[in-house]
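Values quoted throughout were computed directly from the atomic coordinates according to the rules given, and no laboratory measurement underlies them. Only a predicted model underlies this, so the values are computations on that prediction, with no experimental measurement involved. Cβ: placed from backbone, ideal geometry, glycine included. Neighbour counts: every protein chain shown.
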Amino acid sequence: MLPSPQPSIAETVEAPENPLCSEKLADANPAQSDHLLMERICLGEETALDQLLVRHWSSLVRYAAGFVQGVDAAEDIVQEAFIRLWEIREKWMPGGSPRRFLYTVVRNLCLNERERRSVRIGWSSRSQQQGRVNPTPMEMLQHDEVLRALKAAIDRLPSRRREVFELVYLHGLPYSEVAGIMGIATPTVANQVSAALDTIRRDLSAVTDARF
């Protein structure tokens, strides 16, 4: 007896436990069957996206887990990658590799997440050091200068990008929650954060060598 169909990607992006695979896809080699699935995805078939997710879910999660801490964080990133693939289906170039696209997106999102974690750890470490050692007047001046430059850089961001950045970094909200609050896709949140970090990095380069 065949297993019951799993929820579509529009409802959930969790990997189905009992995937359905057509004979046509089973007989084809992985690259060819990925292309066949992508053709159907481009036509708006959500079940094809579900099948592609089942095929690559485990390997992508293992890949992401090599960058970030915890399986939950890795699964969130892989979910975002499949959401992004679905959202760009109408612009997909024939002959493109969905597998390569997914790995590229997962890698970029992992690097963004790792960078965010480095920022949090860096600022936490500095705060602890400042709590243990009385700063010199010069250190206090430099610290104040960096804070003023950081605030000015954030204030210069476009309003939508600034809101995303503040929700993620000042309020500590995860990308998915920010997406729900602002009514945008989770990958869009990631893109806005990445763009904001690039701008802030550039603006602060004149006053600090701190890494963001």
Worksheet item: Hey, what do the phi angles of the range 72-88 turn into as Karplus ³J(HN,Hα) couplings, whole Hz, using 6.51/-1.76/1.60 and θ = phi - 60°, x for Gly and Pro?
Response: 4, 5, 5, 5, 4, 5, 5, 4, 4, 4, 6, 4, 5, 4, 5, 5, 9
Worksheet item: Listed highest first by mean packing, meaning other Cβ atoms within 10 Å per residue, what order do 75-88, 97-110 come in?
Response: 75-88, 97-110
Worksheet, complete the sentence: For residue 157, other-chain or 5+-apart residues with amide H closer than 5 Å (H placed, Pro excluded) are none
Worksheet item: ³J(HN,Hα) across the range 63-68 via Karplus (A = 6.51, B = -1.76, C = 1.60, θ = phi - 60°), whole Hz, x for Gly/Pro?
Response: 5, 5, 5, x, 9, 10
